[in-house]
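A short write-up of the structure that comes next.
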Amino acid sequence: ATALDALTGTQVAALTTSALNALSTAQVQSLSTAQIQALTATQLESLRASDIGEFGATQIRALTDTQIASLTETQISGLTTTGVAALTTAQITVITEEGTPSEKMETFVVPMRTAGELMLVKSFSYP
């Protein structure tokens, strides 16, 4: 176990953005579910897209709706195929801004084949 493994959620939330950005890829990948959930919006926004892209499926699923909403477009586009597949329907809703004033007035039901995997949708029609 490393010193990073021993950090509590409160301690992770208290890390400066500089300290967080000093973590190696391996250290970012080793963050636990509790540590991921303790990250503040400011901390997440400060992470490089490549760091977010290194999150494993378990880490992506651990992100709260608020945390997902705080990610930048660049960070979201940095997700690997595995990271994208790990998103739940609720998290995809946040990314697409469903339920906000900028939501398109059309509802899509995208069936899931297995947990975390969405079926291919060939097109959407917006009014």
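The values are calculated or read from the model by the stated rules, or taken from the named source; none is laboratory data. The model shown is predicted, which means the values in this text are computed figures rather than measured ones. Glycine gets a Cβ as well: all are built from the backbone with ideal geometry, and neighbour counts include every protein chain shown. Please note that ligands, DNA and RNA were not included when accessible areas were found on the heavy atoms of the full protein model with its side chains. Shrake-Rupley method; radii C 1.70, N 1.55, O 1.52, S 1.80 Å.
Of note:
- For segment 64-86, residues that are out of contact with any Asp or Glu (no Cβ under 8 Å at 6 or more places or on another chain), open to solvent by less than 50 Å² (accessible area, probe 1.4 Å) and at pLDDT below 80 total 1.
- Among residues of segment 1-37 being touching a Ser or Thr at 6+ places or on another chain (Cβ under 7 Å) and under 23 Å from residue 72 (Cβ atoms), the one that is surrounded by the most Cβ atoms within 10 Å (Cβ to Cβ) is 20.
- Hits in segment 38-47 - residues which are in a helix (DSSP H, G or I) and either basic (Lys, Arg) or open to solvent by less than 50 Å² (accessible area, probe 1.4 Å) (or both): 38, 41, 43, 44, 46
- For residue 61, the conditions (1) open to solvent by 80 Å² or more (accessible area, probe 1.4 Å); (2) farther than 21 Å from residue 85 by Cα all hold with the exception of (2).
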